[in-house]
Every structure is written in structure tokens, then in C-alpha cells.
Amino acid sequence: MSETVRTERLKSDRALLVGVDLFYDDNLLSLENSLAELRRLADTAGFQIAGQVTQKLDHPNPKTFIGSGKAKEVKRIVQELEVEVVLFDDELSPRHQRELEEILGEEIRVIDRTALILDIFAQHAQTREGALQVELAQYEYRLPRLTRAWTHLVRQAGGGGGRTGGTAGVGLRGPGETQLEADRREIRRRISHLRQELEKVRAHRKRYRSRRKESKIPVVSLVGYTNAGKSTLLNQLSDANVYVANKLFATLDPTTRRVELPDGSPTLFTDTVGFIQKLPTMLVAAFRATLEEIAEADLLLHVLDITHPQVQKHAEAVHQTLVEIEADHIPVIPVLNKIDRLTHPDQARRNLDSFPNAVAVSALHGDGIGDLLQTVKNRLYESYEPVLVELPYNKGELISLFHEEGHIEQLENKYQGVFIQGRIPLRHVAKYKPYLIQED
């Protein structure tokens, strides 16, 4: 498996959380709830939390992110609590990180939210594809932050012995080249290699999806905030035996299983990585091949932990990510999970009003699974949308699809292309969206 760079562990793993409430910030979660999530991330990564510090600011300090006085306060608390790691709830710029480490001392590690999430992904990547994606994201994050303190990580993860290949360690330096320059050059070489490997993965996935489409079996992707219960739901639907743990990002690698709907119709259900607010942009880019599994689906099941007090904010974070990966046009069924944890069943019914067309389930115990499968069947096979489209002649696959799965009411061959008026399954509407024309 490819070597991924783990955040260097210190002898006690004691950490101090630092959160900033910025006046202009558009974060979905309040500072209190965001820090609670950071605490769970830190726990997942294996840190022991010694305390937390907060500050309200109009904008980040250009040098230290937090105010200079607050930075000195953090240093004092770090010494009092015997902390070796300071975890920030936001992404720090390279300058912020350098200035803070200089103030706090060389023995104190400053880790931001992005680096922490990357570390968790490094722990949980089980397949070659997952390891490649995480390693790429880590190197792209670390390149602009590279200092002498980071160079040992480059030699540690230079690819020696990894299944992705690469050279073992840093190459020979040229005349007058510093170790830091050599390490930067090695990271760029490694990034280039990883991108090439991931393009091969992407091409393989594209071929696999093409074969899957030829079978005409619809694909349903499970999306949701991390720890909402997607893997548990897939296990319940298909006996998939996907790893499940009460931790954030317990599973990263996509899993696809065949499930029969109530009428016996075959359907492919795919589970993939969970989302989170402030999901690092380099992770979204690195996981492009995986996230395309979502963008190519016929239907999305948006799994929500209905017991979580921030479920509405979680839903917004998921929608934002779907927009970012251009999957927000796909039909969605909200799935309100974990109803077995509700004190009163009426709570689930009330939440149904907040999420139109939702289905309430217990993925753990199987409650509501029959209703969910019936709803999936209805959305995939019984819902048709009236459309009027102008399809270019070079879009033969769309013309054939309309003939095979739609209901054609009027068809006319013209110079520009084929005009078709009729109805198509709701799951295919997105494919025809660029060619829709408005009726007078």
C-alpha cells in the first residue's frame, strides 16, 4: 500500500483546541458546535483533549490568526496543561503556522483542522486507491508549508516500498541546492506521479461505469454527513458487511452492492466517503474519481442522523458539497436514520415535515427499510417527467435511451437534430437538461 504521511505523534498526545468566532464567517455550525466536532475529530485521530481556548475576531490576524495577546495566552495554557499539540478549528496559512510555532516554541506542534482531517483519512485508507488519494492531498497541503521541520516527512513518505512505486527517499542534490529545495522538488515529483496514478484510477472507474450503464441497472448513491449511518444502512440493505464504527470517517473507500427492490428489480447501491463542514478542498480534488460515483448516480439517498441537534446544518453542508462536485441536480430521497434512538416516535414524524418526501428508518434494526425500498422503486421506475428536447444527432445514446425507457409522444427529425416530446423516468432528467427547450 502507498505510504501516507501520518501526523507525528508526541509522547503524551495531549492537545489544546483553539476556535475563533469570525464576524464575517459563513460557517454552518456555531463556534461551540464546530469545536464539539473538532473534539470528535481529535478523538478519532487519537489525541487526548486537555482543554480549549476561544476568541471572537472581526478578521484573522495576518500573522498569527488569533490575536497576539491570545497567542501569548495559549502559550501560557500550553505550559500549564503540559500540552504538546495545539489544534486549530480553521485552516491556517503557512505564515500563521510558522509564526505560531515560533511563539509557542519548537517543541509544540501546531495542527489545523485540514491537517487533522488528512491524518484521519491516512489512518482509514484501506485500498490502494484510497491511499493514493490521501497521499496526494497531504503533499499538496504540505508543499507550501514546507520548512526544515517537515523535511523528515518527505524522506519518510517518498514512496519507498509502496505499491504506487516511486523512489526511496530524496534524490541527489545538485550543486548549491539546499536540502529544503531538494525536498520541495521531491514533493512536486511525487505529486506529479500520484496524479498520473489517479488518472489511471479515474479512467478505470469511467470504463466500469460505462459497462454498468450498458446493463441498464440503475445506481443509487448513499450520501450524508460523516457518521450519519450510511455504511450501517448499506449493510442492512444488502448484507454488505461494510466496516462500521462510531467514529468520523470510519470508511473512505466506495462499496457497491446489488439490491433487489420490492418488485425484484435489480439496483446497485453505492456507499462512499462522508462529508463534513470545512471539508478540505484538496481532499475533494484528490477524491474526484471516487466522488464521480455520486455525480453519475440515478438517485441519491441523503442519510441524516435525525438524533443530532445540528441535523439541519449537516444537511446544508452535504448540499454544499453536492453543488461543489456538480451532483446537486440528481433526485434525492432524505433518509432520517437512527429513529431507534428517539425517545418518542412522534419526533420522527415531526422531522419528516422538515425534510419533504423523507423516509424514517433505523439502519441498525431495520425499521422502515421496506418503506425505503418501495420509495426508491417509485422514484426510479414510476416517476416520469414530461420533457421537450432537441437532441443533436451525435447524441445517439440519449436518443436510444429515450426510445428504450421513455414514452415518446411526438418525434421529428430536423436539420439541427431530433425533436422529441414525451416523458422520461425522473432519474434520467439530468442527462437531458442541456437539451431541454421551453414550450410556448
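None of the figures in this text is laboratory data; all of them are computed from the coordinates on show. What you see is a predicted model, and the numbers here were worked out from it, not measured in a lab. So basically every Cβ, Gly included, is an ideal-geometry build from the backbone, and we count neighbours across all protein chains shown.
A simple spin-label model places pseudo-atoms 7 Å from Cα toward Cβ; at His59 and Phe419 they are separated by 5.5 nm. Taking the number of Cβ atoms within 10 Å of each Cβ as an exposure proxy, the fewest-first ranking of Ser30, Ser231, Ser93 is Ser30, Ser93, Ser231. Amide H to amide H, with H built 1.01 Å from N, Asp21 comes under 5 Å of Gln55, Lys56, Leu57, counting only residues 5 or more places away or on other chains.
For the pair Arg189 and Asn33 in one chain, pulling the backbone fully straight at 0.36 nm per residue adds 52.2 nm over the alpha carbon distance. Relative contact order, whole percent, for the stretch 14-119 stands at 34, derived from Cα pairs under 8 Å and 6 or more residues apart.
Annotation: the residues Tyr24, Tyr208, sorted from fewest to most other C-beta atoms within 10 Å of their own C-beta, follow the order Tyr24, Tyr208. Model label points for Gln374 and Asp43, set 7 angstrom from Cα along the Cα-to-Cβ axis, are 3.8 nm apart. Using a simple spin-label model with pseudo-atoms 7 Å out from Cα toward Cβ, Leu22 and Ser265 lie 4.6 nm apart. In plain terms, the C-alpha convex hull of the stretch 14-119 casts an average shadow of 6.0 nm² when viewed from every direction. Cross-linked pairs Lys313/Lys338; Lys230/Lys313; Lys278/Lys313; Lys70/Lys313: Cα-Cα separations exceed 22 Å for Lys70/Lys313.
Just subtract the alpha-carbon distance of Ala203 and Arg76 from 0.36 nm times their residue separation and send over the number in nm, one decimal.
Taking Ala203 through Arg76 to full extension adds about 40.5 nm, to one decimal.
When the Cα convex hull of the stretch 216-381 is projected onto planes of every orientation, the mean area is 9.0 nm².
Length gain on complete extension for the stretch His319 to Thr178, per 0.36 nm per residue less the alpha carbon to alpha carbon distance?
Using 0.36 nm per residue and subtracting the Cα-Cα distance, I get 46.2 nm.
Let me know the shape class of the stretch 376-440, please: from the alpha-carbon gyration tensor, a ≥ b ≥ c as square roots of the eigenvalues, rounded when a/c is under 1.5, otherwise prolate if a/b is greater than b/c, or oblate. Prolate is the answer for the stretch 376-440, as a/c is 1.5 or above and a/b outweighs b/c.
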